1. Would you be able to say whether some residue in region 230-247 is assigned to a loop (DSSP other than H, G, I, E, B), under 22 Å from Thr7 (Cβ atoms) and at pLDDT 90 or above?
2. How about region 39-87: which of its residues are in contact with a helix residue (DSSP H, G or I) (Cβ under 9 Å, 6 or more places away or on another chain) and in contact (Cβ under 8 Å) with a residue 60 or more places away in the chain?
3. Could you tell me which of the residues Lys30, Lys75 is modelled with pLDDT of 95 or more and open to solvent by 10 Å² or more (accessible area, probe 1.4 Å)?
4. Within the bounds of region 218-228, is there any residue that is assigned to a loop (DSSP other than H, G, I, E, B) and not β-branched (Val, Ile, Thr)?
Amino acid sequence: MSNILETKNLGIKFGGHKAVDGMNFTVQEKEFKSIIGPNGAGKTTLFNLLSGQLKPSEGDVYFKEQKITHYSPTKRARLGIGRSFQISNIFPNLTVLENVRLAVQSKEGIRYNMFRSINFYKNLSKQAEELLEIVLLAKKRDSLASNLAHGEKRKLEIAMLLALNTELLLLDEPTAGMSLEEVPTILEVIKSIKLEGNRTILLIEHKMDLIMDLSDSIMVMFNGTLLADDSPKEIMNNEQVQTAYLGGLYDGHSA
């Protein structure tokens, strides 16, 4: 398989502090790679560099061998990079179905036209309904997004990313803020997307146990650097990783 994402010596400084330092890694097409590390490891900052929210102080980002280092978040999204945030990014005053249908319309480059046949928009709604089935929200299609539980909002956000035909999903702690009861359902959604086999997933997670069975490979970050990048089994047996999670190396730098 070819690489869909690659970084070369990627880094960013805030003042004198290197929040991400010399990151070199690749993600293969259709791979499920997780990024773990203690709080302050630089995981979210790395995602901000990959999605274009931040510009690097050094190094480059490549998507399907195309250098995108200075592309805006919007331009990266058009290429097929979709990013979720720790705080859900949805339209609260629209229904669940309307949220996803708007994303489908956006992907098709379609503006609303009152003179267009209603059957045309029915087709968009059908695509949206199919995506709601994938994320287990079909029964909530007519609910206002603002009335969803936190975990349901995260599932809706994922459905909107899928609607945009995103090839590379950047999922930033999708279980953050969820109750214990909500976590299994979001993991089920992510697993179903992986089993479809047509998207690449790069996922940040603080809790190592949640992603061991899902991941093809795991990157471990520590103080802005890449500590390890290997199979889940090798990561579990890595003494440096164990030390980082036990706190022996952690010095409390910000994320």
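The values are calculated or read from the model by the stated rules, or taken from the named source; none is laboratory data. Because the structure is a prediction, the values reported are computed rather than measured. So basically every Cβ, Gly included, is an ideal-geometry build from the backbone, and we count neighbours across all protein chains shown. When the accessible area is computed, the model is the full protein with side chains, heavy atoms only, and any ligands, DNA or RNA have been set aside. Shrake-Rupley method; radii C 1.70, N 1.55, O 1.52, S 1.80 Å.
1. yes
2. Ala41, Leu50, Ser51, Phe63, Lys64, Ala77, Ile81, Gly82, Arg83, Ser84, Phe85, Gln86
3. After applying the criteria, what remains is Lys30.
4. yes
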